[in-house]
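Heads up: the structure comes next, in structure tokens.
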Amino acid sequence: MLRNDVPASLVVFLVAVPLSLGIAVASGAPIAAGLVAAVIGGVVAGAMGGSVVQVSGPAAGLALVVAELVHKFGWRVTCMITLLAGLLQLLLGLARVARAALGVSPAVVHGMLAGVGIVIALSQVHIVLGGKPQSSAVDNVLALPAQIVNHHGHAVLIGLLTVGVLLVWRRLPKVRVVPAPLAALLIAAVPAALLGCLTKVDLSGGFSSLQHPLLPQGEWFAVVSAVLLVALLAGVESLLTCVASDRMHSGPRANLDRELTAQGVANVISGACGGLPVAGVVVRTTTNVRAGARSRWSTVLHGVWILVFVTAFGWLIGLIPMEALAALLMFIGVQMVNLGHARNLRNHREMPIYFVTMAGVVVIGLAEGVAIGLGLAAMFALLRLTRVSVRARAADDGRWRIAVDGSLTFLAVPRLTKALAAVPSGAAVDLDLNIDFMDNAAFEALQAWRLEHERGGGTVDVDEVHSEWYVNAVSGTRTSQGKTHMRHDQWWLPWAHRRGSLDAASPSGAWQEPAHTDHADVSDRSDVPVGADARTAALGVAPVAGDAQADDDPALPGLMEGTREFQRRTAPLMRPLLHGMARRQAPTHLFIACADSRVVPNLITSSGPGDLFTTRNIGNLVPHATSAPPDESVTAAIEYAVGVLEVRTITVCGHSGCGAMAALLGTTPDLPGLRGWLRHGRPSLDRFRSFEESEGPLPDGGRLDLLCRINVMQQLDNLRTHPLVDDRVRSGRLELTGLYFDIGTARVHVLDEDGFVPVLERTATG
């Protein structure tokens, strides 16, 4: 295991040193304080922590609050605040409340980090320009025009050189084994030494120059508030990073309570030794995983390397110009404004929380901005609880259907009773509840109406699939069970028939019927049996719902029950639609997917009958047109889809953890047919090996997923070897697309010129 951890620890060490120096400068702390926090975060938090790959140390997200504390209390009192915050984290970890921190809205956390990044960037740009930062972000903005006019040329040269190296370094494959921050500082040190007129980093005395904590004199309320702020911010950032680290590797899952306890111990020691607050850091953790770390030894060793370096070669740090360090901090600050997070939050309608928190941190202050963000997040959550949809309509047979979606609270009672009042006395009613919560007021109103309606001669049929909440409430057990949106959302409808479906409400609140103008209603035809599939009835085959023999078949209980469920519930709704397309199909897409049972094409594309012409095989492979012996099954599907059905798009969809790709990387099972089929995947394997030769080996967990993605690219190339496909693509009548489905996160990625990107991000930017 050390064979992987030692090289990874060296990579993290090279990243951690310049970042620790920069964060110390941004915090207004002694330079050595950042290195002390890095050593303790690596050795103590790494050895005791709940995650085997998380790397802790000084965090840029805490730089702003530490700078405010240093300005207000001085450095030695700030060290005591760090120590006390560590004690509080230790107690919280022992009390096993770590998961409570995950209840903080990610929009607030990302907004806070973005705000801190803006503040850091605005302050450090003044140093890059040869001046001094102002006391607040607003003042820095106001003073920036004058600073630009009166900038110092040498300082700007060093700053621009540093930023330029940071931007282009990762695009240079042969040298990027050296981390970009370290390379930028080393390169900037050369002209700084030649110019000889720039400010250098002062690390005289090394660790021996550190000051120890001091108890504050008075202002205990402010000190207690600071302790709470540091403990909570550092704890939340560490735990969120810990959760994120679990998604990066395939090793043991993190223990959050243990991680919080370890962070507390590390902060107690760091504060006692005169170091910065310690927290889990995303950049170093990601670097650690990508470098191939397998255990906590990588994290521990990186702290040891920092200690050895500062003790033996600390004089080298004195060669780094402050302007280069400021440029590095400015670059880090800009990167903390992650627009990818903002785009993801947009899909959950939480972008206002993100931007309000960010603006609050920049304009008012860190604590105030976070408090405003938390308040806004709580208000949004309360507003969501009031959202409910109550829809009622009368069917052609005289039955009424009432559907309620959302959270049914006392606030929805007026809307609910208004819809119920529209139901005539004595009518038969289908009550369809698709709710995640029902309070007592709503339950009493609904139950009272039901009893009154039944006394008047009507009937109320509560759907047992969608309304376990109500059924259990009637029996006295109010627990929210699993539910399905099948009847409301009609997920099985084709794309072309979504508009005007039953779940679209008219201004009056009545449902709109789907516009099946070209589909005859088979319920009105005497030649088509109701309740049975027309084709099976014509062949004299009994419908599945009445197949008594299937009930006794122990081999397929789930399949038969699912088929009966389809026949009872979904078939009556789909029958008019399917009858209209019974004689002809007209799909627009050929979808080539893996046979893996976890990949459901209609589910991940939200498509219905008639949308996709689908072919599936082991590994979603498209054999080369000239392969010998040829494979005619996939070729036949391609030719029929393109030549007869005239589809406009062919999509190849791969997925994470593909067994076929795993077999290519390892040992193919001793199955002759499978071994012969996987020969079509060898070009993907060759392409993958070429990538590893040029870019370097990947961790085992990342090799398989990379091969799965490369395989999609290769199959798209294989499609172009088929003349019919190539001709259509060249003429613009056919488009080829690649998808990658990450099963663990349920995220679909689409292939574009930059590689695979999440569909939502591509949609937002495209």
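Subtracting the Cα-Cα distance of Asp396 and Ala662 from their residue separation scaled by 0.36 nm leaves 90.2 nm. The listed peptides 31-37, 228-234, 215-221, ordered by packing as a protection proxy, come out as 31-37, 228-234, 215-221 (highest mean of other Cβ atoms within 10 Å first). Using a probe radius of 1.4 angstrom, the carbon and sulfur fraction of the accessible surface of the stretch 1-76 is 68%. Please state the shape class of the stretch 327-458: rounded when a/c is under 1.5, otherwise prolate if a/b exceeds b/c and oblate if not, all from the C-alpha gyration tensor. Since a/c reaches 1.5 and a/b is larger than b/c, the shape of the stretch 327-458 is classed as prolate. Take the Cβ atoms of Met581 and Thr737, set R0 to 22 Å, and the FRET efficiency comes out at 0.35. In terms of the mean number of neighbouring beta-carbon atoms within 10 Å, the peptides 75-82, 177-184 order highest first as 75-82, 177-184. The calculated FRET efficiency for Glu695 paired with Asn338, based on their beta-carbon distance and R0 = 22 Å, is about 0.35.
Ignoring solvent entirely, what values of log10 I(q)/I(0) come out of the Debye formula for the stretch 290-369 at 0.24 Å⁻¹ when each Cα is a single scatterer? Scattering profile of the stretch 290-369, log10 relative to I(0): -1.07. The length gained by stretching the chain between Arg598 and Leu645 to full extension, at 0.36 nm per residue less their Cα-Cα distance, is 14.2 nm.
By the gyration tensor of its Cα atoms, with a ≥ b ≥ c the square roots of the eigenvalues, what is the shape of the stretch 553-664: rounded for a/c under 1.5, prolate for a/b over b/c, or oblate?
Oblate.
Just the protein heavy atoms count here, and of the accessible area of the stretch 631-671 at 1.4 Å, carbon and sulfur take up 48 percent.
At a probe radius of 1.4 angstrom, the accessible area of the stretch 609-717 per residue rounds to 46 square angstrom.
Shape of the stretch 623-672 from the C-alpha gyration tensor: oblate (a/c of 1.5 or more and a/b not above b/c, with a ≥ b ≥ c the square roots of its eigenvalues). Multiplying the residue separation of Arg675 and Thr721 by 0.36 nm and subtracting their alpha-carbon distance yields 14.3 nm. Just in the stretch 576-671: which GluC sites (Glu not before Pro) are loop by DSSP and have at most 14 other Cβ atoms within 10 Å? Here the sparse-neighbourhood loop sites are Glu646. Please list, in order, the residues from the stretch 707-739 whose amide nitrogen is less than 16 Å from a point placed 7 Å along the Cα→Cβ vector of Ser633. Once the point is set 7 Å along Cα→Cβ of Ser633, nothing inside the stretch 707-739 turns out to lie under 16 Å by backbone N.
The values are calculated or read from the model by the stated rules, or taken from the named source; none is laboratory data. The structure presented is a predicted model; accordingly, all values stated were derived computationally and were not measured. Cβ: placed from backbone, ideal geometry, glycine included. Neighbour counts: every protein chain shown. When the accessible area is computed, the model is the full protein with side chains, heavy atoms only, and any ligands, DNA or RNA have been set aside. Shrake-Rupley method; radii C 1.70, N 1.55, O 1.52, S 1.80 Å.
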